[in-house]
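K.L.:
Structure incoming, see below.
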Amino acid sequence: EASSSSSSAAATVLVNEDFGAADTTVFLSAAYKTIATDNSLPLYLVPTGGSAARITVADGALSMTNTRFTIGDKGGATTSSTQPNGSYDLTKPYRIKFTISAITGSGNVQVYVDNNTSGAANSIHGNPSRLLQLPVTGVSALPYEVLIESSLGTATSFIQLRAESGVTNVTIDNLKIEYQ
């Protein structure tokens, strides 16, 4: 009897976020989601230079104005000579996906690996730590699907999502980080 099999296994999902937290305070708490290796640390952090007051979690989406947050970062500012303090092994190919449902202002929406500062070079990867630089004007129609595929990372990596100062609002939903 013949059998069929698929040569592609299901991707390992690291983060699957629907922004179902009651509000921003809950979203940024360990009570909502934690780092897999340390359940005392929240999965999402607002690093130095960011502001939790400029993040709104409501109705199953996250909106940001001129701020940033990290995913899987255990804390401590990154530099060009410091190993990142993250909770993900990103030494193998991975993808980051999310939907932008609203965007206004000017400037860029950015995604970084192993960088929790406002400077692109503040990572052991240097400027390539910026995986995405999407100008507000580059979003042609909504909803806008973002797909980043990368293999840049370390055994202790994390991700940062950032809205530059000119971005008066970006609303995202359906965030997923997974191995390719």
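K.L.:
Please go through region 54-63 and give me each residue that is open to solvent by less than 50 Å² (accessible area, probe 1.4 Å), without any contact (Cβ under 8 Å) to a residue 60 or more places away in the chain and farther than 22 Å from SER129 by Cβ, ordered by number. Working first, answer last.
P.N.:
First, the residues of region 54-63 that are open to solvent by less than 50 Å² (accessible area, probe 1.4 Å): 55, 57-58, 60-63.
Pick out the ones that are also without any contact (Cβ under 8 Å) to a residue 60 or more places away in the chain and you get 55, 57-58.
The answer is VAL57, ALA58.
K.L.:
Can you give me the number of residues within region 87-101 that are more than 8 Å from THR154 (Cα to Cα) and either part of a loop (DSSP other than H, G, I, E, B) or open to solvent by less than 20 Å² (accessible area, probe 1.4 Å) (or both)?
P.N.:
8
K.L.:
State all residues of region 64-83 that are at pLDDT 95 or above and open to solvent by less than 30 Å² (accessible area, probe 1.4 Å); if no residue qualifies, say none.
P.N.:
Within region 64-83, MET64, THR67, ARG68, PHE69, THR70, ILE71, GLY72, ASP73 meet the criteria.
K.L.:
Any residue at all in region 145-155 that's at pLDDT 95 or above and assigned to a helix (DSSP H, G or I)? Give the steps one after another, and end with the answer.
P.N.:
So the first thing to find is which residues in region 145-155 are at pLDDT 95 or above, and the list is 145-155.
Keeping just the survivors that are assigned to a helix (DSSP H, G or I) gives none.
No.
K.L.:
Scan GLY119, GLY72, GLY138, GLY105 and give me the residue that is on the phi > 0 side of the Ramachandran plot and more than 15 Å from the chain's Cα centre (by Cα). Reasoning before the result, please.
P.N.:
Details: GLY119 fails: on the phi > 0 side of the Ramachandran plot; GLY72 fails: more than 15 Å from the chain's Cα centre (by Cα); GLY138 fails: on the phi > 0 side of the Ramachandran plot.
Of the residues listed, the single one that is on the phi > 0 side of the Ramachandran plot and more than 15 Å from the chain's Cα centre (by Cα) is GLY105.
K.L.:
Within the set of pairs 6 or more residues apart or between chains, which connect a residue that is on the phi > 0 side of the Ramachandran plot inside region 76-88 to a residue that is open to solvent by 60 Å² or more (accessible area, probe 1.4 Å) with Cβ atoms less than 6 Å apart?
P.N.:
GLY76/ASN85
K.L.:
A further question follows. Of everything in region 103-131, what is open to solvent by 30 Å² or more (accessible area, probe 1.4 Å) and of a type in the set (A, V, I, L, M)? Give them in sequence order.
P.N.:
ALA121, ILE124, LEU131
K.L.:
While we're here: Within region 133-144, can you find the residues that are touching a residue at least 24 places away in the same chain (Cβ under 8 Å) and either assigned to a helix (DSSP H, G or I) or aliphatic (A, V, I, L, M) (or both)? Explain how you work it out, then say what you get.
P.N.:
Start the filter on region 133-144 by keeping residues that are touching a residue at least 24 places away in the same chain (Cβ under 8 Å), which leaves 133-137, 139, 142-144.
Across region 133-144, the qualifying residues are LEU134, VAL136, THR137, VAL139, LEU142.
K.L.:
Restricting the first residue to region 161-180 and requiring it to be closer than 15 Å to VAL57 by Cα and modelled with pLDDT of 95 or more, which pairs with a second residue that is of a type in the set (Phe, Trp, Tyr) and outside any strand (DSSP E or B) meet a Cβ separation below 7 Å and a spacing of at least six or different chains?
P.N.:
ASP173/PHE19
K.L.:
Yes or no: SER123 farther than 19 Å from LEU62 by Cα and small (Gly, Ala, Ser)?
P.N.:
Numbers: farther than 19 Å from LEU62 by Cα: yes; small (Gly, Ala, Ser): yes.
Yes, satisfied.
K.L.:
PRO47 - would you say it is within 16 Å of the chain's Cα centre (by Cα) and open to solvent by less than 30 Å² (accessible area, probe 1.4 Å)? Show your work before the answer.
P.N.:
Values: within 16 Å of the chain's Cα centre (by Cα): yes; open to solvent by less than 30 Å² (accessible area, probe 1.4 Å): yes.
When the stated conditions are applied, PRO47 passes them.
K.L.:
Looking at region 48-55, is at least one residue in a strand (DSSP E or B), of a type outside the set (S, T, N, Q) and either under 20 Å from ARG162 (Cβ atoms) or modelled with pLDDT of 95 or more (or both)? Full working, then the answer.
P.N.:
Residues of region 48-55 in a strand (DSSP E or B): 55.
Then drop every residue that is not of a type outside the set (S, T, N, Q), which leaves 55.
Right, trim to either under 20 Å from ARG162 (Cβ atoms) or modelled with pLDDT of 95 or more (or both) and you get 55.
Scanning region 48-55, I find at least one residue that is in a strand (DSSP E or B), of a type outside the set (S, T, N, Q) and either under 20 Å from ARG162 (Cβ atoms) or modelled with pLDDT of 95 or more (or both), so the answer is yes.
The values are calculated or read from the model by the stated rules, or taken from the named source; none is laboratory data. Owing to the predicted nature of the structure, the values given are computational and were not obtained by experimental measurement. Methodologically, a virtual Cβ is constructed for each residue, glycine included, from the backbone with ideal geometry; neighbour enumeration extends over all protein chains shown. Areas reflect the complete protein model, heavy atoms only, side chains present, ligands, DNA and RNA absent. Shrake-Rupley method; radii C 1.70, N 1.55, O 1.52, S 1.80 Å.
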